[in-house]
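Step one of this worksheet: look at the structure below.
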Amino acid sequence: MAELTLTDIAKHFGDAAALKSVTTTMRDGEFLALLGPSGCGKSTLLRLLAGFEHPTKGSIRIGDREVANAASRLNVPPEDRNIGFVFQSYALWPHMNVRRNVGYPLEIRRLSKAEREARIDAALAATELEPYGDRMPSDLSGGQRQRVALARCLVSDPTAVLLDEPLANLDVALRASMQAVFSDFHRRTMATMVYVTHDQAEAMAMADRIAVMNNGVIVQLDTPEALYARPRSRFVAEFIGEGAVVPLTGAIQSDTGAEATLLGTRLKVETDTAQPALACLRPENLTIAETGDIRARVERVTYLGGRYRLNLTAASGEALVTQSATRLTPGDQIGLALSAPWAFAAA
């Protein structure tokens, strides 16, 4: 396995910039998710790593080996990068059984039959597909087909595994079980994995770190916990998790921490900047309390199973979100107590 290093990478399609000056390192053995809305550049970045696209600017290294450089026009072809790629569509050969599908890359490389069989056995074991080796793709479930695609990717002992929205075609229950399959596989193999998704729940559940992308750039690269608790921009605060972003004023630092005024209330805030301008209010920062300093109107009540999400409008006009153990009714007026939210500089 190896680090994947991108330096000042840009990719243009005609006059349109799909990627703009991306510089980052994907650590050896980590599970990194590329997360963002449609058109943010995450799939383009994955295809550049795989060698399916050439960068317009910048360079890419796999470990110590440079595989792409726009200035020198170096572009090592995909088959020579030793990168595994798992497609959304599985891309299985319908006329080959599972063993043959998994071992086909080794046939192309003309490995001996004994070595092919040993590698196929290992790949089937890693993906828990040993009982299905003689089955045809048409006899498999969607989750089993996805595991065959993963096993075929692994059989060549790749430096890294790239996955392009591999669960997008599966139903909700199967996606949840396949998340466990990918996570367990990563723990067993410690392969460097780069996973593209627009589903933040998938990314948060599986990844060691998440690169949040928007408009062709990485706006924040951090752990799932840090992205949720300490967003660095309005986009990340609103894109990750639930909650609201509200302005704050009068921030001051003291020996006892930082204070600021938001929603008309003076309170402590968590921050690492001297001049925060916005606060991220997660549902857990708002507690229903009739003696609370904030008044709000209930606009919508959504049952989440054991609890209710409340969409609120504060007396000052800001939209807020919190949760309740009991059902309220749209139109109810409630009080809210605020606990210290995360505050950050305006991006």
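Taken together, the values in this text are just the output of simple stated rules run on the coordinates, not laboratory data. Quantities reported herein were computed from a predicted structural model and do not represent experimental measurements. Neighbour counts run over all protein chains shown; Cβ positions are idealised from the backbone, glycine included.
Here are the numbers for this structure:
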item: Cβ-based exposure ranking for Phe87, Phe182, in which fewest neighbours within 10 Å come first; result: Phe87, Phe182
item: Segments 275-281, 224-230 sorted - mean Cβ within 10 Å per residue, highest first; result: 275-281, 224-230
item: Charged-residue dipole, Cβ positions (Lys, Arg, Asp, Glu), the chain about Cα centre, Debye nearest 20; result: 540 debye
item: Packing-based exposure ordering (other Cβ within 10 Å, fewest first) of Trp342, Trp93; result: Trp93, Trp342
item: Sorted by Cβ density within 10 Å, fewest first, the residues Val301, Val236; result: Val301, Val236
item: Under 14 Å, Cβ to Cβ, from Val269 - net charge with Lys/Arg +1 and Asp/Glu -1; result: +1
item: Span per principal axis, largest first, for the Cα atoms of the stretch 247-297 (Å); result: 33, 18, 18
item: Hull shadow area, averaged, the stretch 1-123 [alpha-carbon convex hull, nm²]; result: 9.5 nm²
item: Highest-fluctuation residue, His95, His54, His198 considered, GNM on the chain with Cα pairs under 10 Å; result: His95
item: DSSP bridge pairs, the chain: antiparallel proportion in percent, nearest 5; result: 75 percent
item: The stretch 224-347, Cα convex hull volume normalised per residue, Å³; result: 108 Å³
item: Enclosed volume per residue, in Å³, of the convex hull spanned by Cα atoms of the stretch 1-73; result: 86 Å³
item: Calculated [θ] (222 nm, deg cm²/dmol) that DSSP helices of n ≥ 4 give over the chain, each run adding -39,500 (n - 2.57); result: -7000 deg cm²/dmol
item: Euclidean distance between Cα centres, the stretch 91-167 to the stretch 1-53, Å; result: 26 Å
item: Straight-distance crosslink candidates among lysines, where the alpha carbon sits under 25 Å from Lys11 and sequence neighbours closer than 8 are dropped; result: Lys20, Lys42, Lys57
item: Dipole magnitude (debye, nearest 20) for the stretch 242-344, charges at Cβ of Lys, Arg, Asp, Glu; result: 380 debye
item: Directionally averaged projected area (convex hull, Cα atoms, the stretch 52-91), nm²; result: 3.4 nm²
item: Residue (of Thr265, Met206, Gln333) at the positive-pole extreme of the chain, dipole from beta-carbon charges; result: Met206
item: Cross-link reach list, aspartates and glutamates versus Lys268, counting only Cα pairs under 16 Å and skipping chain neighbours closer than eight places; result: Asp255, Glu259, Glu284, Asp293
